[in-house]
Every structure is written in structure tokens, then in C-alpha cells.
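Asker: Mind looking over this structure? Questions follow.
Taken together, the values in this text are just the output of simple stated rules run on the coordinates, not laboratory data. If you're wondering where the values come from, they're calculated on a predicted model, not measured in any experiment. Don't worry about glycine lacking a Cβ; one is built from the backbone with ideal geometry, like all the others, and counts go over all protein chains shown.
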Amino acid sequence: MFRHLGKARTFLHNLRLATLLSLVAGIVNITGVLALKTLTTNVTGHFAFFAEEFIRKDYATAVTFLVFTLCFLLGSFIANAIVELVLKRKPRLAHVVPIALEIIILTSVAMFFGNSSIYNFHGKIEAFLLLFSMGIQNSLVTKVSQSTVRTTHLTGLFTDLGIELSQLFFYKKPDQQTKLKTNIYLRLSIIMFFFIGCVIGGFAYTSIGMKTLFIASTILLIALFYDYLRLKFFEIKRKATEL
């Protein structure tokens, strides 16, 4: 799911990656909205809020929304820098470090933060951390899938989905139809699991509040463990065939 790069990646690898991490993004998204009343998985809306507060001359709040976007950018930067550095020394751990960092951040927010507001200090820090973690996730997924998968926001997905649905009427060759249908299935899977994550997170939040993020961390742990087990399985299988 994470380890295969370039031509070694298949549709199934991208599908597993997309469904699990879009589920995580959905959970983080609804948790941020319910706890902070702001977006914590993407930055598109924050530019509008920044402009609105700037026009109102509430410069302190405007800077807050600007920092939100920079936190997402920093998360993306850090994740890719880690991958590039680790790839040269221990390729097998290139994806583990960013995901582990995301797990630590989400777990920490779940343990030490609660309902708040972006207009106070704790709320700002909470939003900063969640946006940073989603920047990490989006960068890693984009890097691993070669820009095929994005999981933290849906705007681009709906755009690509609309384009590919329309192309079904114009590209009739069997190979073109197969590729289009594969891409459409992948987009729909991401959208569906993001929605499922929002629903699960919403119900969980009514009972356990910010600890809902423990669910997201657990899913990430399962993803890492699954990837590790598959690697060990194929290593054992390869050694067995060599005997």
C-alpha cells in the first residue's frame, strides 16, 4: 500500500491507500468542525476567511487564518522532506516516519485538547496541529501514489470525477473505457470513505468528544501493521520459492 512506488504500484495499492486514509481524513474533518467550528483538513476556505477578516481590519484573526494555511503547507513540506531523506538510507521506512508523526499528533490532540475555539490560544494550537497533520497525510499520499490519490479534500476529486464521467461519452476504445472506469471507481471510493469517516466521526464525537481522533490514529496504525505483515509474507514466500 505504501511501499510500492512508480511502476510497481497497482490500482489495488492505490485503492487501499485511498480508502483507509480518506476514512481518516473524514474523521479528522468532522472532529475539527464540531470541536473548533473550522476546517482542519484543507485550506481553501481559510483564504476566504483571511480576506474577510482583513477587510474588516481584524488583523489578528486574519493572521490566524493565514497561519492555518501555512501549517498545512509546513506539514506537506516536512512529510516530503522526511521521505526524501529516509529513502536514501532506509527505503522501507520512508513512509513509516511521516505516518508515525501523524499518529503522534492526532493522539496528542485527542489526549490533551477538547472543545475550544479558534479565537483562543488552545483552539488555535489545536487547529494548527490538525492542519499540520493533514498536510503530512496529503503530501505522503500524493507522493506515494504519484498524484493519483488525494484524501484530505474533495474539490479536486469532484472536478476529476466530472471530467472523467463526461469522457465516457467520447472515448469509446476498450482500453480508454477501462482506464476511465478504473479512475472513476477510485474517485468514488475516496468520496464514499471520506463521507463514512465523517459519519463515524460525527457519531463518535457525540459520545467521546475529542477522543474520536483515537479512531483515526488506530486506523493509521492498522494501515502500517497491514503493510508490514504483507511485506513479511512476501519475503517468506520469496525465500520459500528460492529453496
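Asker: If you plug each phi of segment 51-64 into the Karplus form 6.51 cos²θ - 1.76 cosθ + 1.60 with θ = phi - 60°, what whole-Hz ³J(HN,Hα) values come out, in order, with x for Gly and Pro?
Answerer: Coupling constants for segment 51-64: 5, 4, 5, 5, 5, 6, 6, 8, 5, 5, 5, 4, 5, 4 Hz.
Asker: Of the listed pairs Lys90/Lys179; Lys57/Lys211; Lys57/Lys124, which have alpha-carbon separations greater than 30 Å here?
Answerer: Numbers: Lys90/Lys179 34 Å; Lys57/Lys211 36 Å; Lys57/Lys124 19 Å.
In this structure, Lys90/Lys179; Lys57/Lys211 exceed 30 Å between Cα atoms.
Asker: Mind listing the phi-derived Karplus ³J(HN,Hα) values for segment 190-206, rounded to whole Hz, using 6.51, -1.76 and 1.60 with θ = phi - 60°, and x for any glycine or proline?
Answerer: 3J(HN,Hα) across segment 190-206, in whole Hz: 4, 4, 5, 6, 5, 5, 4, x, 5, 5, 4, x, x, 5, 5, 4, 5.
Asker: Over all directions, how big on average is the projection of the convex hull of the alpha-carbon atoms in segment 32-174, in square nanometres?
Answerer: Its average projected convex-hull area is 11.8 nm².
Asker: Then there's this: Using a simple charge model, +1 on the beta-carbon of Lys and Arg, -1 on the beta-carbon of Asp and Glu, nothing else, what dipole does the chain show about its Cα centre, in debye to the nearest 20?
Answerer: Rounded to the nearest 20 debye, it is 1000 debye.
Asker: Out of these labelled values of semi-axes √(5λ) of the Cα gyration tensor in Å, (i) 32, 23, 17; (ii) 38, 29, 16; (iii) 26, 23, 18, which was calculated from the coordinates shown here?
Answerer: Computed from the coordinates, semi-axes √(5λ) of the Cα gyration tensor in Å corresponds to (i).
Asker: Return a whole-number percent for the relative contact order of the chain, with Cα pairs under 8 Å and 6 or more residues apart as the contact set.
Answerer: 34 percent
Asker: Taking just the alpha carbons, could you work out the radius of gyration and Dmax for segment 47-99, both in angstroms?
Answerer: Over segment 47-99's Cα set, Rg and Dmax evaluate to 16.9, 50 Å.
Asker: Taking θ = phi - 60°, what integer Hz values does the Karplus form 6.51 cos²θ - 1.76 cosθ + 1.60 yield along segment 99-114, in sequence order, with x for Gly and Pro?
Answerer: Those phi angles translate into 5, 4, 5, 4, 4, 4, 5, 4, 5, 5, 5, 5, 7, 10, 10, x Hz.
Asker: So between Asn120 and Leu224, what do we pick up on full extension, going 0.36 nm a residue minus the alpha carbon distance?
Answerer: That pair, Asn120 and Leu224, stretches by 33.9 nm at full extension.
Asker: Another question, then. Would any residue of segment 131-165 have its amide N under 15 Å from a label point 7 Å out along Cα→Cβ of Lys181? List them or say none.
Answerer: The answer is 165, whose backbone nitrogens lie closer than 15 Å to the label point.
Asker: Something else: What value, in deg cm²/dmol to 500, does the helix sum -39500 (n - 2.57) over DSSP H runs of n ≥ 4 give at 222 nm once divided by the residues of the chain? List each step's numbers first, then the result.
Answerer: Values: 8 runs with 188 residues, N = 243.
Using -39500 (n - 2.57) per qualifying helix, the result is -27000 deg cm²/dmol.
Asker: Over the chain, with a Gaussian network built from C-alpha contacts below 10 Å, which listed residue (Ala60, Ala204, Ala127) shows the highest mean-square fluctuation?
Answerer: Highest fluctuation of the listed residues: Ala60.
Asker: Ordered by packing density, taken as the mean number of other Cβ atoms within 10 Å over each peptide's residues, highest first, how do 162-170, 91-99, 22-30 rank?
Answerer: Ranking the peptides 162-170, 91-99, 22-30 by packing returns 22-30, 91-99, 162-170.
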